Each structure stands twice: as structure tokens, then as C-alpha cells.
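Below: the structure, in C-alpha cells.
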Amino acid sequence: MRILIVEDEHRIAQSIKKGLEQEHFAVDVAYDGLDGFDLATTEEYDLILLDLMLPGKDGLSICQELRQKSINTPILMLTAKGQIEDKVTGLNIGADDYLTKPFSFDELLARVRALCRRPKNSLSNVLTIDGLSLDATNYTTFRDGKEISLSGKEFALLEFFLRHPRQILRKERIIGHVWDYDSDILPNTVEVYIKNLRKKIDTPFPGKKPLLTTIRGFGYKLG
Ligand code: CA
């Protein structure tokens, strides 16, 4: 899952980025409204954390213009105390939720997870397919009752597949949601990660049908 933070206070932006990266999210940061709007319209995100008061372009305008462009990425607004009217306006023009500063990271994380799992799997952070299950809250993965140990990036990759079950996912789309803007992605990076993931979720289960398949010329599919 890839998140964009639009926040002009560097310290806040960096601490949220660091916290979310520890939770295996790919994170980009924009420190002003214009950069934020540019990234939100040109890159694919699963969620946008949007501050209200921003240089260049304010949060409400960004939210409104994204919705006018039919960009429906979930938006979590970050507001300061006392901006009650702005919160209401924000929700009215298309924000999905808001959080009042100062907030604890745990509360932010809970809301981020709730927004990322919309609209599917709305009751649970446990994603399953054909005997494979992944718990996005406590970072465990099982296949047929056997625990599988994954690196952070492998976990993020598998989570992205599980959120798009039985769909063919192109390499570019996978990169766009699992790696952040600054990552140095080589053309075969995804292939290497897919190969490693197969070694963990398919190879140890020789009697079972492989879950992760390559659709030559198109991409990859789980399930
Ligand atoms: Ca601000």
C-alpha cells in the first residue's frame, strides 16, 4: 500500500513517514500544496494524508480538485484544533475522514488501515485466498496452517496481491503501489521479489497448486 503525505511541517511529515514505513507502507512526502497536488494526480496512491493549511494550495482546494478530476483515492485530512468548520467542509467536498492534531501515531495508523481496506474486506485486516492468509495488523502469514516468514517488502507485495485477488497485475502497477517514488527500481526488481515470494508461499507446498502465476506478456496473478 502506497501513501502520499502532504504536510508542510517537516518534523511531523518525517515522523509519520518513518512510522508508516516501519509498518511496511511505501510513503512519499510533499511539503507544499502544489507538489502534493502534482503527485496526487500523476502517481497512484492507496491513501492521501492531507494537511489543511499548506503553502501553494490549501488542503480543501486539493481535495475538491482531486474529486472534480474523479481521483477517488481515500483522503484523511489532518486538521488543527478549532478548525471544526473546515472539517465539515472537508467531509462535504470528498474527504473520507479527519484527524485533529496533535494525534497519536496509533490512532493515525488505525484510521489509515480502516481507509486502506475500504471498500472490500471491510470487517477484517485478515486477507485470505485458497488456504493462504495474511494478517495486516500483526504481520503474520500462514498457508495451510504453516507460518511463513516474510521480509517487509515481501509482505507488502503479498498484501497488494491479496487486495487484488485473481486479477492480472502489471509490473508497473505493482511498482506503483509497493515502492515509493524515490526507490531505485531496476527492471527486474519485481521479478526478483516475485521469485523470492514463490519460494516461500509455493515451493514448500509441492502437493498444492501454485498460488502465484506469471501471465506471460501481461503480469502476475495470485489465486
Ligand atoms: Ca500546515
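The values are calculated or read from the model by the stated rules, or taken from the named source; none is laboratory data. In this text the structure is predicted, and so the values were computed from the model without any measurement. Cβ placement follows ideal geometry from the backbone for every residue including glycine, while neighbour counts extend to all protein chains displayed. Calculation scope for accessible area: heavy atoms of the full protein, side chains included, ligands and nucleic acids excluded. Shrake-Rupley method; radii C 1.70, N 1.55, O 1.52, S 1.80 Å.
When the chain is fully extended, how far beyond the present Cα-Cα distance does ILE93 get from ASP182, taking 0.36 nm per residue of separation? The partial results should precede the final answer.
Working: separation 89, 0.36 × 89 = 32.04 nm, distance 3.08 nm.
Answer, rounded to one decimal: 29.0 nm.
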- prompt: For segment 100-223, what class follows from the C-alpha gyration tensor (a ≥ b ≥ c being the square roots of its eigenvalues): rounded when a/c is under 1.5, otherwise prolate if a/b is larger than b/c, else oblate?
  reply: oblate
statement: Of every hundred units of 1.4 Å-probe accessible area on segment 126-222, the number belonging to carbon and sulfur atoms, as a percent, is 52 percent
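With charges only on Cβ, +1 for K and R and -1 for D and E, what is the dipole size of the chain about its Cα centre, in debye, rounded to 20? Show your work: numbers first, answer last.
Numbers: 31 positive and 33 negative charges, 277 e Å.
Charge dipole of the chain: 1340 debye, to the nearest 20.
Can you tell me what percent of all Cα-Cα pairs in the chain are more than 31 Å apart? Each step should come with its number before you reach the end.
On the way: 6058 of 24753 pairs.
Counting every Cα pair in the chain, those more than 31 Å apart make up 24 percent.
Pick out, in residue order, every one of the GluC sites (Glu not before Pro) in segment 7-58 that is DSSP loop and has at most 15 other C-beta atoms within 10 Å; say none if there are none. Write down the numbers at each step before the final one.
Working: sites: GLU7, GLU9, GLU21, GLU23, GLU43, GLU44; in loops: GLU7, GLU9, GLU23, GLU43, GLU44.
The qualifying sites are GLU9, GLU43, GLU44.
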query: Taking all protein chains as present, what is the carbon and sulfur share of the accessible area of segment 1-60, in % to the nearest whole number, probe 1.4 Å?
result: 49 percent
- prompt: Accessible area per residue of the chain at 1.4 Å probe, in Å²?
  reply: 50 Å²
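Counting only helical runs of four or more DSSP H residues, what would the 222 nm mean residue ellipticity of the chain come to if each run contributes -39,500 (n - 2.57) and the total is spread over all its residues? Working shown, then result.
Details: 8 runs with 86 residues, N = 223.
Taken over the chain, the calculation gives -11500 deg cm²/dmol.
By its C-alpha gyration tensor, with a ≥ b ≥ c as the square roots of the eigenvalues, how is segment 181-220 shaped: rounded for a/c under 1.5, else prolate for a/b larger than b/c, else oblate?
oblate
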task: Would you mind putting 111-117, 49-55, 166-172 in packing order, based on average other-beta-carbon counts within 10 Å, highest first?
output: 49-55, 111-117, 166-172
Cα lying deepest toward the dipole's positive end in the chain, options GLY94, VAL112, PRO187, charges on Cβ: PRO187
- request: Assuming a ≥ b ≥ c are the square roots of the Cα gyration tensor eigenvalues, decide whether segment 2-117 counts as rounded (a/c under 1.5), prolate (otherwise, with a/b larger than b/c) or oblate.
  value: rounded
